[in-house]
Each structure stands twice: as C-alpha cells, then as structure tokens.
Amino acid sequence: MSVGFFVWGLAAGHYHIFPWKQIEVIYWDLHAFLTFKDGPPKTVKEKILLDIQERPTQFDFSGFKLRDSTFHDTGYLLMPRYSKNDGQVIVQLFSIGDKKIVHTWVPPLDDIFKRSKVEQTGANSVKEYRAQHPLLLKDGGLIFTSGEGPMVRINACSKLIWVNDRHFHHSIELNADGNIVVPLVMTPQVPETVLPIRDDGFAIVSLDGKIINEYSVTDILLKNGYRGLIYGVGRFETDRIHLNDAQPILKDLNEAQTGDVALSIRHLSTVLLFDPQTGKIKWLKTGPWLSQHDINQLDDGRYSIFGNDIIRQQDTSQIFVEKELSNIYLFDADNGRIEQPYAGVMAEHKIATGSSGRLKLLANGDAYIEESDKSRILRISKDKVRWEYVNAVSPSTVGAIHWTRYISQEEIDLKWKDNLACDQQ
C-alpha cells in the first residue's frame, strides 16, 4: 500500500493528475518559502508566482541600460513580460532609441478563458499565462499563445478577436503567403509509435485563425529514414521531439526554397530543413549544439542557431556544460561548416540560458539575444555588449519574459497608432 501511494504521488506531480490541483497552492507556498533569497514573500499570490513568473534577480539594475555609449539603436523590442502591477503577463512595444514604451497590450485573460474549453491550469491560468512570442500585425493587433494551449488574436486595444482551441506552443512566424507557421501537438498522434509519445508537429494557420494544414514531426522523421532518432538515441521519453521553432523559409537560397520550413527539435539536439510540398527532408544535422532553440535563415544562405548547450537530466532537471555558456552557431548546410563568431563576448559576459532563448542576427552583424531564464535581453557585437534590458519587477526580483522580438525600424509601421482611441471601445 505504501508503494502504491508513493507511485501515485509521483504520478500526480509529474502528470498533474488528482490530487495535484488540490495541493498545487500548498506546493508553491512551500517552494517559495524555501527558495526566496530575501525571505518569504508576504502574500500567497507572490508565493505562488515565485519561480513561475517571478524569481530572484541576478542584476543590480532594472530596465534599459546602454553599455556602448557610441551606439544608437533605432529598433524596437516587442516584449511579453510579467507585470507585478497588473498581476499577469502584458505585452509592450519599447522604442530602444527613445528608451520608452510606445504601446501596451493587456491580454484579456478572462475573455480568452471563456472562449476556450481548455482546463484553466498550468500555462492556461492567470498565474502562468505567457502570451508567448507575440506576432505584431499591421493593424496593431497581436497573435500569441498561452505557451502550451490555444492561440488567440487581439486588436490594438487588447480586445479579443478570435481563439483557436488547439494545443499550440513555442514560436509564431509568418510565411511568404502571409499565413502563420506555429508548432502544435498533433491530435491524434500521426503515426502511431511503438511507445507513447507527445507527437509535436507544426501547422499553417490563416490570420483569421483557421488551420490550413498540419504536419507531424514524428511522421516526417520516420518517412525520411530517421527511425534511429525516434527510438535509438538515449532513454525513451514521452516528450521525445520538443519542437520549439518552425521557421518558414522566405528566400530561395542554395537548397532552401520559399515555402520550406526549418525545424528545431530540442530533445534530439537536431535541426533540419523540410519541404512540405514533397514531404522530404532536404538536410538534417544533429549537434554540435545541444538542446538548441531558434533556427533562422541568413541572407547568405547559412543558418543561425541558438545553442542552449545543456545536458538534460531526467524529468526537467538540467545542467550546463562548457563553463555554463550558451552559444551562437552559424551553420552552412552546403558544406557542413560551423562557426562561432560570438563565442568570446558570450564567454566574457557569461551569457547563458538553460531553457528557451531567442536569437536574431541583425543587419550590421550584431546579435539580439533573449536570455530567458534571467529575464534579460541583450544586443551584442562580436566583441562587446551594446545594451541590456532587464525586466525587474521589484528591487530583488525579475519578472519572466516569454519570447521577445527585436523589430528593426525598417520592419515596423506604426500608422495604426494614429488616432487610436481604445477608451471608446
């Protein structure tokens, strides 16, 4: 009987089955009390939020800090971030050059939950909702997900437009046809596997929230002869794939053609280029990056890859390798050449995040990085840090950031702000 209760307890914590919902508040209460470095928070809400949306800071400053006084950045940051004042995630557009907030969206969580059949727990609850990787539309609206659940669209005044109730997650990108490319969990699993697996895939979705097509990563790998990656690498786990980026190809460069999709499969430390028209994998590369995020096509035909470079342990535990550093890899799929031109500055400033992480190489060769675990955003050159932004929400804590975007001045049009009158809606 004791063994039975022990196994049941482990299952409840791992799979969030009964009685997890009943003891979750007590769990986070105790966790917060034991881990908060400046003593326990004073309210139950703060205790629950700790380490989900709020955690101890590693920095001695908050907000924006210019490190290179000779540099002027005309770009913008689109930031989904936890706001202690609002008690939930908000999204803000920040002008780097002007050092000010240009616009704020407050996701209407109550309206979103009313339009969704998903149980309001985990990422689909107020305390954990992420508004992950919001996509800014030409009319000032946003499209985002909870991080692990429905995808929604709101307008510039944060009014809900639509909800798609499927299980979407991670990146949201526009393809050349103006449709959204986004990872999702396939339901039902396609195809069946020998052992149970969370079958991650990606969907093509119209701007009005309708799924046009969807593709299973498991199916893609098996049909292209990569059975060994599914069954033969390490111990089998339910979250075998963990697709975290489905990046549409926008230019015909080398073997890549417009309409192809580059995929980042975190738990296999593998990236690949897939042609949805033929169902073929054009190239696939495992490592040297580990548990990577955010693959992007570059203008010269190469690909940038953000290597979290961690060795994952059982469950969700993880340890850093290579002196606790993440790395930026530039990969040439034609000849297999790999470069790490930012390794020096990343080592000097100990830039690392074990989970999540965003990367964009900018026109002048700089790199925008989201150091998600530390709630910090940076712009670096190959030899220095240009600026930093830290989402501090109290003198001793930072609020979570959930996949920000760097948007250049050439990529943004703020005409939607002209004569915007949200208080009239």
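The values are calculated or read from the model by the stated rules, or taken from the named source; none is laboratory data. Note that the coordinates shown come from a computational prediction; the quantities given were computed from them, not determined experimentally. Please note: Cβ atoms are built from the backbone with ideal geometry, for glycine as well, and neighbour counts cover all protein chains shown. Heads up: the accessible areas ignore ligands, DNA and RNA and are worked out on the full protein's heavy atoms, side chains in. Shrake-Rupley method; radii C 1.70, N 1.55, O 1.52, S 1.80 Å.
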In segment 176-209, the residues that are among the charged types (D, E, K, R) and either touching a residue at least 24 places away in the same chain (Cβ under 8 Å) or under 22 Å from residue 252 (Cα atoms) (or both) | 177, 198, 199, 200, 208
Among the residues of segment 158-168, the number that are assigned to a loop (DSSP other than H, G, I, E, B) and open to solvent by 30 Å² or more (accessible area, probe 1.4 Å) is 1
Got a number for residues in segment 269-282 being buried (at least 24 other Cβ atoms within 10 Å of the Cβ) and under 25 Å from residue 373 (Cβ atoms)?
-> 1
What do you reckon, is residue 398 of a type in the set (Val, Ile, Thr) and farther than 30 Å from residue 140 by Cβ?
-> no
For residues in segment 219-242 being within 21 Å of the chain's Cα centre (by Cα) and crowded, with 23+ Cβ neighbours inside 10 Å, which is modelled with the highest pLDDT?
-> 241
If you go through 143, 197, 154, the only one that is modelled with pLDDT under 95, aliphatic (A, V, I, L, M) and open to solvent by less than 20 Å² (accessible area, probe 1.4 Å) is 197
What are the residues in segment 310-351 that are modelled with pLDDT under 95 and open to solvent by less than 40 Å² (accessible area, probe 1.4 Å), if any?
-> 310, 321, 325
State whether the residues of segment 363-371 include one that is of a type in the set (A, V, I, L, M, F, W, C), closer than 23 Å to residue 297 by Cα and in contact with an Asp or Glu (Cβ under 9 Å, 6 or more places away or on another chain).
-> yes
Just one of 188, 183 is assigned to a loop (DSSP other than H, G, I, E, B) and either over 26 Å from residue 402 (Cβ atoms) or not acidic (Asp, Glu) (or both); which is it?
-> 188
Of the residues that sit in segment 169-180 and are outside any loop (DSSP other than H, G, I, E, B) and of a type in the set (A, V, I, L, M, F, W, C), which one is most open to solvent (accessible area, probe 1.4 Å)?
-> 174
Test set (1) among the basic types (Lys, Arg); (2) open to solvent by less than 70 Å² (accessible area, probe 1.4 Å); (3) closer than 23 Å to residue 174 by Cα - residue 285 fails condition number | (3)
Out of the residues in segment 84-104 that are small (Gly, Ala, Ser) and modelled with pLDDT of 95 or more, state the one that is farthest from the chain's Cα centre (by Cα).
-> 97
Any residue in segment 285-308 that is assigned to a loop (DSSP other than H, G, I, E, B) and without any contact (Cβ under 8 Å) to a residue 12 or more places away in the chain?
-> no
What is the number of the single condition among (1) farther than 21 Å from residue 296 by Cβ; (2) open to solvent by 10 Å² or more (accessible area, probe 1.4 Å) that residue 356 does not meet?
-> (1)
Cβ pairs under 8 Å, 6+ apart, first in segment 362-383 and free of Cβ contacts under 8 Å to residues at least 24 places away in the same chain, second open to solvent by 30 Å² or more (accessible area, probe 1.4 Å) = 365/382; 366/386; 373/355; 373/356
Can you pull out the residues in segment 331-346 that are part of a helix (DSSP H, G or I) and in contact with a strand residue (DSSP E or B) (Cβ under 9 Å, 6 or more places away or on another chain)?
-> 343, 345, 346
